[in-house]
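The values are calculated or read from the model by the stated rules, or taken from the named source; none is laboratory data. If you're wondering where the values come from, they're calculated on a predicted model, not measured in any experiment. Neighbour counts are summed over all protein chains in view; Cβ atoms, including those assigned to glycine, are modelled from backbone coordinates with ideal geometry.
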Ligand SMILES: Nc1ncnc2c1ncn2[C@@H]1O[C@H](COP(=O)(O)OP(=O)(O)OP(=O)(O)O)[C@@H](O)[C@H]1O
Ligand SMILES: Nc1ncnc2c1ncn2[C@@H]1O[C@H](COP(=O)(O)OP(=O)(O)OP(=O)(O)O)[C@@H](O)[C@H]1O
Ligand SMILES: CC(C)C[C@H](N)C(=O)O
Ligand SMILES: [Mg+2]
Ligand SMILES: [Mg+2]
């Protein structure tokens, strides 16, 4: 073997292009940190642009797997990830996932070779419910993108909220790509709810929050959701719509751990900006995986997989992460943040971590 | 009632977005698939100018810049192939989408942008018990203004006559003394400028990102088709019809909205195959 | 009822056609007796072409009835009428622009046979199609330009192709809309001969402004004006009718067939 | 004086005109005759500037206008009634007329005058130009050319498809414009018209001028030549 | 048969020979995958050109026929438990059915209106598949795990073997298109394209012919979609996105519409260009656009079209 070959299957254009690009940067820091070598061999990375299309993602994966690939990294959208997991399983190639959150990835459709080091939908959902309770929200209105994951998330969230004594004032499912949220937001504001669960994806996040900003939405009700707001989104939404929005966070550059400090410094030096949550998660998962590969000391994919399934990352960027052998899901804590005006040297909209949740709060035992 | 006002604002924004497409289609018979890309370019330029000089400058300068881009595009890529079948113009505009997106990506990167509007346009006013954003009222205003200018300038005056002649029978128009080349360039420039205006106006309300053009172009087509391909009055009616469908649909049946929009469209096409406003030609 | 027993090949009654409120034909009745050549004349815009369009199914009629050999064909689409033996030529030339003369004629030879035989056999193996095309080309005098794209033919030659297409299916009833427009002075005589030959054992409804031709070729003349039938008569009757003179023929001098 | 000198014109690879030289002068009606395909229409198109010359020159009052663009040729007072009429679609009849006036200074011909020449057009002025009957379209094409108030009027088979009574009016109109100092170049299949209005005749064959002469000379010679050509090529 | 047609089919046979040589010459799965993709898209483009280049209908709805074909394949296997071959038939039938229905709905409309109607109907179908029919289509996630043929011991999950399946269908489609073009039916399509008014006057049923062309073309598109689903072992409603219709139009025009070789060359050029540019430049996207524009300006008959015309005139 001449090189350790990694295929990065991420969108570099289209709606999720910005996410894929950030993941590429984060992963790159993980490679550079170890001088692009693992097990004494150079790391050889090929990045493939999936153009935010599952079709293309599958095609690029098929091609990448036709070469001798040792690790596959990606995708962003859970649909793509689920589709390419079938291929990595068939070819027995380790597959590292640091963004897609769908429960099926490490649930119903889990495979031996696919590992997720980042959050799941279920845990983020629980964070929202818990956040609403802690903030004493009484009534919640839901605006949810009309696709399967959205509907599933809402069903779980609704049950969770109701179990906590929070009432649901109303719910609207809206097609992905809705260009006008004014009516829906108006309905939500008139419903008498004090909390808005905004469970939308991609460009719809920007649209809904921008248009919310026009009518002062964040000042009128507590807007919350999963991956609803971060510094990247803040830039796209602008101050009026973004400030005051509450969101789960996968990672934040302010996390106070030695590894994170090192990572943020390296990232800033390399790219001149602070790492986003996508970059942070990508770095974290990739560096963890490579360290485990290194630790096995042998050139054997199966051994690497076995080792990773039971590994514990004590010094991840956000504290301890534990890989669960039962479902290849990393058990970890959760973050919740609120968008505030950034100080000097910070993005205009900066997330402030307001709540942290322990992994016990968020994960059910594996079976 | 507030639904109506919001529907009006949706319709007017749609009209602004579709006006340039309608114009170029109606006058040059070119389906400009790059319209969305020009709109995106307009939005990004507006973002940049707003950052440097403020929102009003953006609104004023973007149409001018886009008109220049339009002139360039028309001269370099479209002029040589007017004689070719229409599909070739389509191919060019497809190519232009890719090029324009690449230019924007190389200049501004992948992350989304936003434009802040001046203080007195932000925030909302209470209308019929509802908080309606001031900016939406401004959109309605600009939409109406654009509509008036286009209707007076093109449908009523002789300019429209000249322009239409260049699209339907350029050779004969030229034989009668019309400077067809100049007219085409001007029309394309105005169409591009309108796309830019649409981009600048939409900037504060819709995501400014690379794929914004692709997501808007289908809406524009819907408006243009309902209106009877390239008829300004028709486009106004089409835009309002879709605006209202969306607003009332969202009020009462939000998850059926897209299906509804297309149902309205297909119904129009089937009942009035040539669109709401259009004329038939003699064949034999 | 067998076709042959009918005295009228075409019988229209009560034909009314409107365009956006403009009445182009108003309650027109017209019979074309089997085997005869009837000419349709009248001022520009009188509705002659529109009547041909109504008979061949090109325009929707507001009311009225069209019969072909006694069968009601009012509801039949254009192609259906053609398959029943109704052929026509167009006033404004209307050809397959990208094909050669030969291909134009060959395609026109195709329809009646095309349902019966194996449809995948290449057209150039259907020698009868090619033969028929060449035969008609010879009739209308196009043998020397068979392989030229029709777009490159002069106006007069295109007119000949137009006539050839109408003749291709060997229709029993033929509607000719100004077949002589644009035909060269020197070729008028030969084209007239051609029409003369064509009208043998056919019924022809002819629209033409060239009086010389009309007078010579037609058994009967129908004069239209303002969307209505003004009169019907033999060539001599029509020539001497005062109303026709005033509205259509104008000065005697202009119409007299002084040149042969 | 509008003149073509030694003009060669090609359609793609096929040569349609071989060194044609033709001039038409004010006050004169020049008739161009010849069989179908002789190159008459092509000559008019070349004089108008619709097709470029491969060889030779086009001059207007002595100035070289070979490369002059089509709109500019029109603005320099050349007008063409094309054989295919070329009514502009999407415009009403009246708009077709109006269009012709827009790039030209006003002159003798106004829309009103055109309507009194062709009353039928006034009746149908709101109809789509392309929906008019064949003859009405012909009237429209002629009216439109007149409305540019040209000094050089190129007419390609202007009486095709017109009722005899209208032909009379066209003849009168041609005589009128020619008297008012306009040069008319007339292509006609129908001999009656040129015989009455033209003073000079040019006979074209296969893209060449094969004979030219005055009205008095034509009767027998032209007839003979035309039929001779006919015999020669038609097999 | 004229020279151009003769040259056309000969060069197509040459293209097939090259494909066989490629298959024998290499076992690189990546290259074979690209070859398979080129063949699948060529089938799609040939089907598309049947309405576009032959019958003169500009359709923006073919993405839907293509996509529905892929679902035909997926459903036949997943819900019907049918073998691959039956899936391919189902794909063709579903594609043809959709196209036929679209042409029925639009039977009164021609020209650009028809084009836009196809665009809108396809978009409606795509939206319905994405939302209302989520259960059947898998929603945004699509349906992973579309199967490949099972035939004795041969492992068709290996692209080197699956290649032959795709190749066989490709050859059949090319030959069928060739025969069709030269048949009276093909001539009738041509007549409808060049002058529908005259064609109708000659007795051709213009509407039925248009509908036949659409159905045939939709069928081929469906077959291509089914093959692609099987090749990728995945399908999803994204395949119905209107941009796919744009892609196939671009490929057809780039190669040269109205010929057999054109669509094939267009597809190959498109795919290879994309691969090559993506490998060498981050700006491949814009460069592809630039190449389109230049090709349109300077080779308006398309790559193969220009070459064929030039060659056949010598
Ligand atoms: N499609 C149409 N739309 C509107 N008006 C029409 C249409 N077709 C015909 N007309 C009008 O109907 C009238 C009759 O037209 P038609 O073509 O039948 O005349 P015609 O007798 O054939 O005249 P010509 O001898 O000039 O050809 C004309 O005034 C024409 O303008
Ligand atoms: N668009 C064209 N493309 C190619 N060849 C053409 C074209 N137009 C005319 N020609 C050819 O040029 C020659 C001259 O044609 P032209 O139309 O000038 O003849 P004409 O004398 O006006 O004939 P007609 O009396 O039939 O109108 C003919 O041989 C014709 O075939
Ligand atoms: C934010 C999104 C890109 C995440 C993605 N929707 C997922 O499936 O997890
Ligand atoms: Mg007529
Ligand atoms: Mg001519």
Quick check, is residue A:27 buried (at least 24 other Cβ atoms within 10 Å of the Cβ), closer than 21 Å to residue A:93 by Cα, away from ligand 5 (no atom under 16 Å from the Cβ) and within 12 Å of chain E (Cβ to nearest Cβ)?
no
For the range D:146-174, how many residues meet the condition of being away from ligand 1 (no atom under 16 Å from the Cβ), closer than 27 Å to residue C:212 by Cβ and without any contact (Cβ under 8 Å) to a residue 60 or more places away in the chain?
3
Looking at A:178, A:207 in this structure, which one is modelled with pLDDT of 90 or more and at the interface with chain B (Cβ under 9 Å from one of its Cβ atoms)?
A:207
Could you please let me know if residue A:306 is over 30 Å from residue A:350 (Cα atoms) and in a loop (DSSP other than H, G, I, E, B)?
no
Go through A:104, A:67, A:116 for me and flag whichever is more than 9 Å from ligand 3 (Cβ to nearest atom), within 12 Å of another protein chain (Cβ to nearest Cβ) and touching a strand residue (DSSP E or B) at 6+ places or on another chain (Cβ under 9 Å).
A:67
List the helices (runs of 4 or more DSSP H) inside the range E:151-251, counting only whole elements, that have at least 2 residues being in contact (Cβ under 8 Å) with a residue 12 or more places away in the chain.
E:159-182, E:184-194, E:206-232
Residues of the range D:118-130 being under 23 Å from the mean Cα position of the chain (by Cα) and either within 16 Å of ligand 5 (Cβ to nearest atom) or facing chain C (nearest Cβ under 8 Å) (or both), in sequence order, are D:120
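Table: residues versus (1) at pLDDT below 95; (2) within 16 Å of ligand 3 (Cβ to nearest atom); (3) in contact with a strand residue (DSSP E or B) (Cβ under 6 Å, 6 or more places away or on another chain); (4) within 14 Å of chain C (Cβ to nearest Cβ).
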site	(1), (2), (3), (4)
D:10	yes, no, no, yes
D:15	yes, no, no, yes
D:19	yes, no, yes, no
D:23	yes, no, yes, no
D:36	yes, no, no, yes
D:40	yes, no, yes, yes
Which of the residues that make up the range A:238-280 are assigned to a helix (DSSP H, G or I), under 12 Å from residue A:29 (Cβ atoms) and within 20 Å of the chain's Cα centre (by Cα)?
A:259, A:260, A:263, A:264, A:267, A:279, A:280
Taking the conditions exactly as written (in contact with a helix residue (DSSP H, G or I) (Cβ under 7 Å, 6 or more places away or on another chain), modelled with pLDDT under 90 and within 16 Å of ligand 4 (Cβ to nearest atom)), does residue C:194 satisfy them or not?
no
For the structure I just gave you, tell me whether residue D:74 is at the interface with another protein chain (Cβ under 9 Å from one of its Cβ atoms), in contact with a strand residue (DSSP E or B) (Cβ under 8 Å, 6 or more places away or on another chain), part of a helix (DSSP H, G or I) and at pLDDT 90 or above.
no
Scan the range D:65-120 residue by residue and report those that are on the phi > 0 side of the Ramachandran plot and out of contact with any helix residue (DSSP H, G or I) (no Cβ under 9 Å at 6 or more places or on another chain).
D:77
Filter pass, residue D:49 being facing another protein chain (nearest Cβ under 9 Å) and near ligand 2 (Cβ under 9 Å from one of its atoms)
no
Conditions: (1) touching a helix residue (DSSP H, G or I) at 6+ places or on another chain (Cβ under 9 Å); (2) within 24 Å of residue A:359 (Cα to Cα); (3) within 16 Å of ligand 3 (Cβ to nearest atom). Residue A:51 meets all but one. Number of the miss?
(2)
On the basis of being in contact (Cβ under 8 Å) with a residue 24 or more places away in the chain, assigned to a helix (DSSP H, G or I), at the interface with another protein chain (Cβ under 8 Å from one of its Cβ atoms) and under 21 Å from the mean Cα position of the chain (by Cα), does residue B:105 make the cut?
no
Per the list (1) under 22 Å from residue D:207 (Cβ atoms); (2) within 15 Å of the chain's Cα centre (by Cα); (3) within 14 Å of chain C (Cβ to nearest Cβ), residue check on residue D:85 breaks on (1)
Within the range D:145-163, can one find any residue that is within 7 Å of another protein chain (Cβ to nearest Cβ), in contact with a strand residue (DSSP E or B) (Cβ under 9 Å, 6 or more places away or on another chain) and buried (at least 24 other Cβ atoms within 10 Å of the Cβ)?
yes
Taking residue D:70 as meeting all but one of (1) more than 16 Å from ligand 5 (Cβ to nearest atom); (2) crowded, with 22+ Cβ neighbours inside 10 Å; (3) more than 25 Å from residue D:147 (Cα to Cα), write down the number of the exception.
(3)
Take residue D:217 and tell me if it is in contact with a helix residue (DSSP H, G or I) (Cβ under 6 Å, 6 or more places away or on another chain), more than 16 Å from ligand 1 (Cβ to nearest atom) and over 14 Å from residue D:28 (Cα atoms).
no
Residue C:42 away from ligand 2 (no atom under 16 Å from the Cβ) and either out of contact with any helix residue (DSSP H, G or I) (no Cβ under 9 Å at 6 or more places or on another chain) or farther than 17 Å from residue C:226 by Cβ (or both)
no
Could you pull out the residue among C:161, C:145, C:173, C:183 that is more than 8 Å from every other protein chain (Cβ to nearest Cβ) and within 11 Å of ligand 2 (Cβ to nearest atom)?
C:145
State all residues of the range C:134-167 that are without any contact (Cβ under 8 Å) to a residue 12 or more places away in the chain and farther than 25 Å from residue C:85 by Cβ; if no residue qualifies, say none.
C:143, C:144, C:152, C:154
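A quick yes/no check of all residues on (1) closer than 25 Å to residue B:108 by Cβ; (2) touching a helix residue (DSSP H, G or I) at 6+ places or on another chain (Cβ under 8 Å); (3) more than 14 Å from chain E (Cβ to nearest Cβ); (4) assigned to a loop (DSSP other than H, G, I, E, B):
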position: A:23; (1), (2), (3), (4): yes, yes, yes, no
position: A:60; (1), (2), (3), (4): no, no, no, no
position: A:72; (1), (2), (3), (4): no, yes, yes, no
position: A:79; (1), (2), (3), (4): no, yes, no, no
Which condition from (1) touching a residue at least 24 places away in the same chain (Cβ under 8 Å); (2) more than 19 Å from residue E:45 (Cα to Cα) is the one that residue E:291 breaks?
(1)
